[in-house]
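Peer 1: Here it is, the structure, as structure tokens.
None of the figures in this text is laboratory data; all of them are computed from the coordinates on show. The shown structure was predicted, so the numbers you read here are calculated from the model rather than taken from an experiment. Neighbour counts are summed over all protein chains in view; Cβ atoms, including those assigned to glycine, are modelled from backbone coordinates with ideal geometry.
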Amino acid sequence: MAEDLKAHFAFKPIIRGMEISGSKELFPIGKVYCVGRNYADHAKEMGVNVDTDQPFFFSKPSQAVSQLTSIPFPTQTENLQHEVELVVFLGSECSNISPSESKQHIFGYGVGIDLTKRDLQTAAKKASKPWDLSKGFDNSAPISKILKKEGLLLSEGNISLKVNGQKKQSGNLSNMIWKVDELISYLSKFITLKAGDIIFTGTPSGVGKLNINDKIEAEIENVGTLAFELI
Ligand code: MG
């Protein structure tokens with residue numbers, strides 16, 4: 001295995017980069033993890049109990065990450081839903097670390113939406129099959145510009161989402177069941193996290209259906225804003 005970009009690859013590796021607020025540098029996108037049911041009010045609206053013993057995760061492919069302001073409405077769904085989430089960006093490698101060791105690996109934060117094909121997810125759940133394709137598709141992870149805040153552990157702040165000017169989701173980061181440092185620590189016990197990795201931290205209640213031509217605006221206090229249109 002070679003991890004050197006100067007190696008003689010059979011074809012040119014694709015590295016995608018995200019915009020960082022106030023910087024000309026790009027953040028190289030690595031793996032994308034998302035935690036499920038990290039706010040009790042959202043677990044309740046999904047009709048499930050909160051599992052406080054351990055968090056659970058799923059992944060999205062790197063091509064899910066999008067900073068487009070116009071996103072093509074995805075194929076193969078009749079029920080696309082929004083989930084506004086705080087997104088954490090990692091700036092260094094870590095493995096098997098404790099929550100107290102987590103914050104030194106934080107590069108920054110963003111406002112993200114975990115776009116979900118709820119119809120596909122519900123059908124997969126019923127059949128006890130994986131829900132990958134309901135969560136991982138082109139542009140299924142729109143994210144704002146990154147706010148660079150190295151070493152900062154964010155634990156509170158209002159988080160909200162509007163569709164066509166109407167408020168649909170509203171919560172506070174302080175209501176996360178698993179905090180940012182605990183999420184990083186937990187994941188690092190199962191896989192080596194690398195600089196460039198991205199973690200979606202769960203959504204508060206109010207998730208709902210999106211339609212073509214909808215204008216979506218999301219905001220997290222002290223982090224930033226995200227706006228895009230489904231076309
Ligand atoms: Mg989510």
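Peer 1: Can you run the Rg to Rh ratio on the stretch 1-57? Use alpha carbon positions and the Kirkwood inverse-distance Rh.
Peer 2: 1.23
Peer 1: Rank by packing, highest mean first: peptides 50-59, 188-197, with packing defined as the count of other Cβ atoms within 10 Å averaged across residues.
Peer 2: Peptide ranking by packing, descending: 188-197, 50-59.
Peer 1: Take every DSSP beta bridge with both residues inside the chain and express the antiparallel ones as a percent of the total, to the nearest 5.
Peer 2: Of the beta bridges lying entirely in the chain, close to 85 percent run antiparallel.
Peer 1: Please compute the contact order of the chain in relative form: average sequence separation of alpha-carbon pairs under 8 Å and at least six residues apart, divided by the residue count, as a percent.
Peer 2: Relative CO of the chain lands at 30 percent.
Peer 1: Residues with amide H under 5 Å of Gln169's amide H, sequence separation 5 or more or different chain, H placed in the peptide plane at 1.01 Å from N; which?
Peer 2: Under 5 Å from the amide H of Gln169: Leu161.
Peer 1: So what's the Cα pair-distance distribution over the stretch 156-199, bin width 10 Å, in %?
Peer 2: 23, 35, 28, 13, 1
Peer 1: If each residue's Cβ is checked for other Cβ atoms within 10 Å, how do Phe200, Phe228, Phe73 rank with the fewest at the top?
Peer 2: Phe73, Phe228, Phe200
Peer 1: Still on this structure, please answer the following. Under 5 Å between amide H atoms, partner at least 5 residues away or on a different chain: which partners does Ile20 have, H built in plane at 1.01 Å?
Peer 2: Phe27, Ile146
Peer 1: Now for a separate question. Taking neighbour Cβ counts within 10 Å as the exposure measure, how do Glu3, Glu93 sort from fewest upward?
Peer 2: Ranked by crowding around the Cβ, least crowded first: Glu3, Glu93.
Peer 1: For the chain, what mean projected area does the convex hull of the alpha carbons give, in nm²?
Peer 2: Approximately 13.3 nm², given one-decimal rounding.
Peer 1: Given the options Ser62, Ser128, Ser21, which has the most mean-square fluctuation in a GNM of the chain, springs set between C-alpha atoms less than 10 angstrom apart?
Peer 2: Answer for the Gaussian network model of the chain: Ser128.
Peer 1: Regarding the stretch 53-151, what's the average projected area of the Cα-atom convex hull, expressed in nm²?
Peer 2: 7.9
Peer 1: If you line up the Cα atoms of the stretch 3-115 on their principal axes, what length do they span on each, largest first, in Å?
Peer 2: 51, 41, 33
Peer 1: Starting with the fewest neighbours, write out Glu83, Glu219, Glu156 ranked by other beta-carbon atoms found within 10 Å of each beta-carbon.
Peer 2: Listed from fewest to most nearby Cβ atoms, that is Glu156, Glu219, Glu83.
Peer 1: Counting alpha carbon pairs within less than 8 Å and at least 6 residues apart, what relative contact order, in whole percent, applies to the stretch 15-57?
Peer 2: The normalised contact order for the stretch 15-57 reaches 29 percent.
Peer 1: Find the centroid of the Cα atoms in the stretch 139-180 and in the stretch 1-80, then give the distance between the two in whole Å.
Peer 2: The stretch 139-180 and the stretch 1-80 have Cα centres separated by 15 Å.
Peer 1: Of the candidates Val65, Val111, Val163, which one comes out as most mobile in a Gaussian network treatment of the chain with C-alpha springs shorter than 10 Å?
Peer 2: Per the Cα network of the chain with a 10 Å cutoff, Val163 tops the list.
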